[in-house]
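Below is one structure, written out as structure tokens; comments come after it.
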Amino acid sequence: MFFDTVRNNKRVVQVFLALIALPFAFWGVDSYVRGGGAGADLASVGDSKITQQQFDQAWRVQQDRMRQVLGDSFRPESMNTPAARLAVLNSLVDQRLLLLEAAKGKLGASDEALREMIGSIPALQENGRFSMARYQSALAAQGLSQAQFEAQIRQDLTLQELVSAIGDTGVAARSETERILAIRSEERQVAEFRIAPGQFAGQVRIDEEALRKFYDENGKRFEIAEQARVEYVVLSLAARINQTAVKDADLQDWYESHRDRYQQGEERRVSHILFLAQGGESEQGKARARAEELLEEVRKSPARFADLARKHSQDPGSAAKGGDLGVVARGTMVKPFEEAVFSLRENEVSGVVQSEFGYHIIIVTGIKAAKQRTFAEVRPEIEAELKQQAAQRRFAEDAEAFSNIVYEQPDSLQPAAERFNLKLQTSDWLPRNPAPAAVASLGHLANAKILAAIFSDDSVRNKRNTEAIEVAPNTLLAARVVEHRPASVRPFAEVKADIQAALILQGEAALARSAGEARLAELRQGATDSVAWTPPRKLSRQDARQLPPAAAKAIFSADVHKLPVFVGAAAGDGGYVLYKIVSVTQPDRVDEARRQALQREYAQILGQEDFAAYLAGLRQRYRIDINRAALERKER
């Protein structure tokens with residue numbers, strides 16, 4: 001029930017993100033509880049602080065996620081709003097609340113669950129098997145040590161356990177799901193009549209004055225954006241890692257001086273039978289009595305433990321598996337349970353063990369002794385960690401020197417390129433506000449801060465280097481304008497024909513809508529139906545997704561007690577469509593498979609609502625302070 005969730009659920013971050021809505025940068029449970037991280041505090045949750053550094057990392061993660069979702073249409077500047085920044089900060093607050101609760105309840109993921117999760121990541125596999133080389137390469141690319149990454153994943157698993165414990169408990173009533181299914185399954189027979197804007201061709205006249213007025217009032221539509229060509233250099237930690245070598249002797253010395261880090265602790269395979277302790281002392285006494293009674297039966301026939309667990313255990317996660325909880329390690333269980341597990345011999349049955357969850361009968365079915373991982377096993381990990389450390393030190397030194405040199409020698413980036421062995425790159429024409437389709441191809445040059453620096457007065461007029469700007473974690477970029485085109489407006493003569501075509505189409509659409517609404521009013525008032533309708537077609541709410549939203553809403557919100565019913569909606573091409581609902585049908589019987597699927601879906605929604613209520617309760621229990629002044633300074 002409480003240990004089994006992680007082993008049976010691979011959603012890890014997905015459910016957490018679905019419920020809280022935003023992705024986060026993770027720093028490890030201990031760091032969150034202590035409020036680690038550098039920079040000004042943007043918020044506090046109880047005694048735990050959310051620092052500027054943590055917010056910046058979460059902000060970058062959110063931008064990366066939005067870029068992946070929206071692709072070429074993603075515009076960083078559109079996300080950089082007070083509301084968006086506050087939303088990310090509030091999501092960090094929600095995450096911190098969960099971490100504090102997890103720490104209070106001593107929740108934690110086992111080493112086995114951690115290894116299983118990392119081993120299942122496709123990007124870290126080769127020929128379907130986990131690849132240590134790919135793992136180390138991926139960590140280096142992200143600028144993470146193995147310890148940092150594994151702390152992050154362990155935290156994800158811990159949070160998932162807490163989220164699932166609350167969010168997976170929604171229960172949907174059968175009657176309610178049957179009602180919703182009936183609505184979803186309803187079909188309406190609908191005929192339609194389309195009034196196209198082209199039917200009014202030649203009826204719209206646009207004079208010169210109207211064209212000129214449109215041009216004058218919509219000048220921004222005809223602007224040619226300011227552009228610049230730049231030289232730029234990029235200094236990154238990832239590049240420094242690839243350039244760093246570590247001697248074999250240093251690797252061996254590290255291993256010998258940190259042998260304790262590479263010890264794999266003792267692990268035990270455990271099964272249990274749980275009697276929940278709920279209610280007052282009387283109910284708890286009854287639960288203990290049942291446990292004591294069953295314990296006698298278990299001790300008489302230990303071989304029947306699995307059968308008795310299936311029959312009696314109140315832990316739904318493990319009961320079906322004969323009480324099996326899998327392999328556990330120290331530090332992953334509540335204290336009374338852990339003490340009992342690690343005091344037993346193999347195949348020995350415990351007495352009745354009380355924990356905050358109830359009364360347990362425990363059996364250890366296997367023991368995996370602690371062992372020392374060999375140097376050969378951990379060599380790739382040590383090499384990656386030492387390369388990371390060396391590169392991090394070098395990057396910290398280089399970053400300061402890089403920033404100084406591009407500032408002190410402002411007329412060229414060549415000195416910086418030569419000093420740090422960087423490639424001096426030249427861009428194509430770069431717009432001040434890149435179109436969504438161009439963002440991906442521009443890479444780091446699409447960063448809002450670097451664009452602002454490139455198009456600043458000093459950069460444009462004096463062709464001086466920008467300052468070194470962090471465009472991604474551990475990545476600095478400096479640029480210099482080599483050529484500039486100011487913003488301009490296309491002349492009226494050049495765009496006149498386009499304006500005329502647009503205004504004519506707009507006028508034809510208005511005539512089509514007016515004609516459609518007039519005909520709809522006549523039909524609703526009982527006028528003779530002489531419309532050339534299309535043959536009726538059956539539409540369910542699922543089918544209606546093919547229609548424009550306004551049309552679907554009109555059809556399925558119409559009162560169908562008296563048929564036929566007439567509705568209308570504007571079409572996407574500027575036309576207008578009349579719809580005639582001629583009949584409504586319901587399925588003869590409920591599709592049980594669909595009903596069960598809907599019941600699960602509805603239960604998930606209710607579970608999400610329960611989780612939202614749980615978060616709201618946490619917000620009431622903890623003191624939360626938001627430093628809006630610091631957040632506003634960051635926006636600027």
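Read the figures in this text as sums done on the coordinates, not as results from a lab. The shown structure was predicted, so the numbers you read here are calculated from the model rather than taken from an experiment. Here the Cβ positions follow ideal geometry from the backbone for every residue, glycine too, while neighbour counts run over all protein chains shown.
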Applied in sequence order to the stretch 509-519, the curve 6.51 cos²θ - 1.76 cosθ + 1.60 (Karplus, θ = phi - 60°) yields integer Hz couplings, x standing for Gly and Pro, of 5, 5, 5, 5, 5, 4, 5, x, 5, 5, 5
Using +1 on the beta carbon of Lys and Arg, -1 on that of Asp and Glu, and nothing else charged, what's the dipole of the stretch 266-369 about the Cα centre, debye to 20? 260
What list of ³J(HN,Hα) couplings, whole Hz, do you get for the stretch 592-599 from phi and the Karplus terms 6.51, -1.76, 1.60, once you set θ to phi - 60° and write x for glycine and proline? 5, 5, 5, 5, 5, 4, 5, 4
Taking r as the C-beta separation of Lys368 and His258 and R0 as 25 Å, the FRET efficiency to the nearest 0.05 is 0.65
What list of ³J(HN,Hα) couplings, whole Hz, do you get for the stretch 200-206 from phi and the Karplus terms 6.51, -1.76, 1.60, once you set θ to phi - 60° and write x for glycine and proline? 10, 4, x, 9, 10, 10, 10
Which residue, Ala571, Ala165, Ala448, has the largest displacement toward the positive end of the dipole of the chain when charges sit on each Cβ (Lys, Arg +1; Asp, Glu -1)? Ala571
Taking the Cα-to-Cβ direction at Arg619 and at Gln354 and moving 7 Å from each Cα, how far apart do the two end points lie in nm? 3.8
About the Cα centre, and with charges only on the beta carbon of Lys, Arg (+1) and Asp, Glu (-1), how big is the dipole of the chain? Nearest 20 debye, please. 800
Give me the percent relative contact order of the chain, please, defined on Cα pairs under 8 angstrom at least 6 residues apart. 25
Would you mind computing, in nm to one decimal, how far apart the modelled labels at Lys220 and Ala147 are, each placed 7 Å from Cα along Cα→Cβ? 5.2
Given the pairs Lys463/Lys496; Lys220/Lys463; Lys104/Lys311; Lys213/Lys449, which span a C-alpha to C-alpha distance of over 30 angstrom in this model? Lys463/Lys496; Lys104/Lys311; Lys213/Lys449
With only alpha-carbon atoms counted, please give the Rg and Dmax of the stretch 114-217, in Å. 30.3, 73
State, to one decimal in nm, how far the label point of Glu126 lies from the label point of Ala83, with both points 7 Å from Cα in the Cβ direction. 4.9
In the stretch 284-377, trypsin sites (Lys or Arg not before Pro) in a DSSP loop with at most 10 other beta-carbon atoms within 10 Å: Arg345
What number does the stretch 266-369 give for Rg over Rh if you use C-alpha atoms and the Kirkwood radius? 0.94
Under 20 Å from the Cα of Lys553, which lysines turn up, not counting those fewer than eight places away in the same chain? Lys538, Lys562, Lys580
Dimensionless Rg/Rh of the stretch 424-508 - Kirkwood Rh, Rg from C-alpha atoms: 1.15
Any idea what diffusion coefficient the stretch 576-623 gets from Stokes-Einstein, in µm²/s, Kirkwood Rh on alpha carbon pairs, 25 °C, 0.890 mPa s? 164
Percentage relative contact order, the stretch 266-369, counting C-alpha pairs under 8 Å, at least six apart: 43
Distance from the stretch 118-160 to the stretch 421-462 (C-alpha centre basis), Å: 33
Run through all the Cα pairs of the stretch 199-302 and give the fraction in each 10 Å bin from 0, expressed as whole percent. 9, 12, 11, 8, 9, 11, 13, 12, 14, 3, 0
What number results when the radius of gyration of the chain, computed over Cα atoms, is divided by 2.2 N^0.38 Å? 1.29
For the stretch 292-429, what does the alpha-carbon gyration tensor say about shape, rounded, prolate or oblate, given a ≥ b ≥ c as the root eigenvalues, a/c under 1.5 as rounded, and a/b over b/c as prolate? prolate
Once you order the gyration tensor axes a ≥ b ≥ c over the Cα atoms, which shape class does the stretch 101-149 get: rounded for a/c under 1.5, otherwise prolate or oblate by comparing a/b with b/c? oblate
Cβ density ranking, 10 Å radius, fewest first, applied to Asp588, Asp207, Asp156 yields Asp588, Asp207, Asp156
What is the packing order of peptides 240-251, 385-396, taking the mean over residues of other C-beta atoms within 10 Å and listing the highest first? 385-396, 240-251
Leaving out same-chain residues fewer than 8 places away, which lysines sit with a Cα under 22 Å from that of Lys247? Lys387
With r defined as the distance between the Cβ atoms of Ala448 and Glu408 and R0 fixed at 25 Å, what FRET efficiency is calculated, to the nearest 0.05? 0.45
Give the residue from Pro431, Ala417, Ala468 lying farthest towards the positive end of the charge dipole for the chain; charges sit on Cβ (+1 for Lys and Arg, -1 for Asp and Glu) and the dipole is referred to the Cα centre. Pro431
